[in-house]
1. Given B:96, B:120, which one is more than 7 Å from every other protein chain (Cβ to nearest Cβ), open to solvent by 10 Å² or more (accessible area, probe 1.4 Å), within 21 Å of residue A:111 (Cα to Cα) and out of contact with any strand residue (DSSP E or B) (no Cβ under 6 Å at 6 or more places or on another chain)?
2. Is it true that some residue in region B:32-42 is without any contact (Cβ under 8 Å) to a residue 60 or more places away in the chain and of a type in the set (A, V, I, L, M)?
3. Please state which of the following conditions residue B:151 fails to meet, knowing it meets all the rest: (1) over 16 Å from the mean Cα position of the chain (by Cα); (2) more than 7 Å from chain A (Cβ to nearest Cβ); (3) closer than 30 Å to residue A:52 by Cα.
4. Return only the number of the condition from (1) under 17 Å from the mean Cα position of the chain (by Cα); (2) assigned to a loop (DSSP other than H, G, I, E, B) that residue A:34 does not satisfy.
5. Determine which member of the set A:66, A:89 is modelled with pLDDT under 95 and touching a Gly at 6+ places or on another chain (Cβ under 7 Å).
6. Would you tally the residues in region A:71-93 being open to solvent by less than 60 Å² (accessible area, probe 1.4 Å) and either hydrophobic (A, V, I, L, M, F, W, C) or more than 29 Å from residue B:170 (Cβ to Cβ) (or both)?
7. Tally time: how many residues in region B:35-52 are more than 8 Å from chain A (Cβ to nearest Cβ) and surrounded by 17 or more Cβ atoms within 10 Å (Cβ to Cβ)?
Amino acid sequence: MKSIIYIIIGTFLGIVLYKSEAASWFRIYEMFQFDSFHMYGIIGSALAVGVVLVQLIKRSKTKSFFGETINIPNKEKAFTRYLLGGILFGLGWALAGACPGPMYILTGAGYWPILIVLFGATVGAFLYGVLRGKLPH
Amino acid sequence: MLYQPWPWYVSGPLIAIIMAVLILLGKKFGMSSNLETFCSVGGAGKFTDYFKIDVKSKRWNLLVVLGSVFGGFLGAHVLSPNPAVDITAETVAKLQGLGFESAGKAYLPTELFSLEALSQPMVWIILLVAGVLVGFGTRYAGGCTSGHAISGLSNLQRPSLIAVIGFFIGGLIMNHLLFPLIFGS
């Protein structure tokens, strides 16, 4: 039963990101060229609503649907890993025109070359796991 | 309406609602941690303890991935009679200058994401390198667009702001400085 919930959420996410064109390489290029408000509108309006919803959940001390206490952990304090990791991610995001969510979505849409990107991303995650002891965080 | 591209003021709030529902289920909105789960499932635990995780605890997120694959199928094949993305005329002109003739006519550039394009070794290299950068970068930064730009910033996390600034530094370097070198010739 719980499995169905997550599959439905994922399906909805896939439709929203595809139909908003946030999964389009062209929209990502356009965003980094500052030629259109579209992507900034998506991220900005998601944040405006997201900040309010997160604050409401935190302040009301709402329990989860399963009756557990909700814990939204703070991100670990650091600087280097966020900036360097972020820059590497940004280089790849602009080149692939897709972040991880859209990679799965575009696979479903039938753009098969995205599987090469997804394979590369899995290799990249593996390389991080192997090299993380040697990297500045 | 449903079959047209969805405007930003509909899509953005829906993304926030998806995040909130995941929080209310006791989970979080983060798509890139699945890449690590793939590594663990594939036996990466043999190389480093980092990948020795309880895959069962990550199962819910793999189901979200499975759903998003299905959602992508529905979005493309059921809900979008016209795949062309209506980017601005300036963007189309810039892309044509870089050799992207499909700009304004397709959902993804056919110069990179069609089966015919795969006859060019350079396209394989571009897609693979782009993927490695995304996968390595997102795990180094501890999150991607969903984990930092949406979830982290919604929770007013400074680390997420640093990461998102990094995303844009990297993206702007790629787009403005490296694209002319990669595609311009």
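1. Testing whether each residue is more than 7 Å from every other protein chain (Cβ to nearest Cβ), open to solvent by 10 Å² or more (accessible area, probe 1.4 Å), within 21 Å of residue A:111 (Cα to Cα) and out of contact with any strand residue (DSSP E or B) (no Cβ under 6 Å at 6 or more places or on another chain) leaves just B:120.
2. Taking region B:32-42 first, the residues without any contact (Cβ under 8 Å) to a residue 60 or more places away in the chain are B:34, B:37-42.
Among the residues that remain, those that are also of a type in the set (A, V, I, L, M) are: B:41.
Yes, the conditions are met somewhere in region B:32-42.
3. Result: residue B:151 passes all but (1).
4. (1)
5. Values: A:89 fails: modelled with pLDDT under 95.
Answer to the selection: A:66.
6. Within region A:71-93, the first condition is being open to solvent by less than 60 Å² (accessible area, probe 1.4 Å), and the residues that meet it are A:72, A:75, A:78, A:80-83, A:85-93.
Checking the rest, the ones that are also either hydrophobic (A, V, I, L, M, F, W, C) or more than 29 Å from residue B:170 (Cβ to Cβ) (or both) come to A:72, A:78, A:83, A:87-89, A:91, A:93.
Of the residues in that region, 8 qualify.
7. 2
Residue-by-condition table, conditions (1) within 30 Å of residue A:54 (Cα to Cα); (2) open to solvent by 10 Å² or more (accessible area, probe 1.4 Å):
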| residue | (1), (2) |
| --- | --- |
| B:108 | no, no |
| B:127 | no, no |
| B:132 | no, yes |
| B:145 | yes, yes |
| B:164 | yes, yes |
| B:183 | no, yes |
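The values are calculated or read from the model by the stated rules, or taken from the named source; none is laboratory data. Bear in mind the structure is a predicted one, so any value in this text is a computation, not a measurement. We place every Cβ from the backbone using ideal geometry, glycine too, and count neighbours over all the protein chains shown. Just the protein is used for accessible areas: all its heavy atoms, side chains included, with ligands, DNA and RNA removed. Shrake-Rupley method; radii C 1.70, N 1.55, O 1.52, S 1.80 Å.
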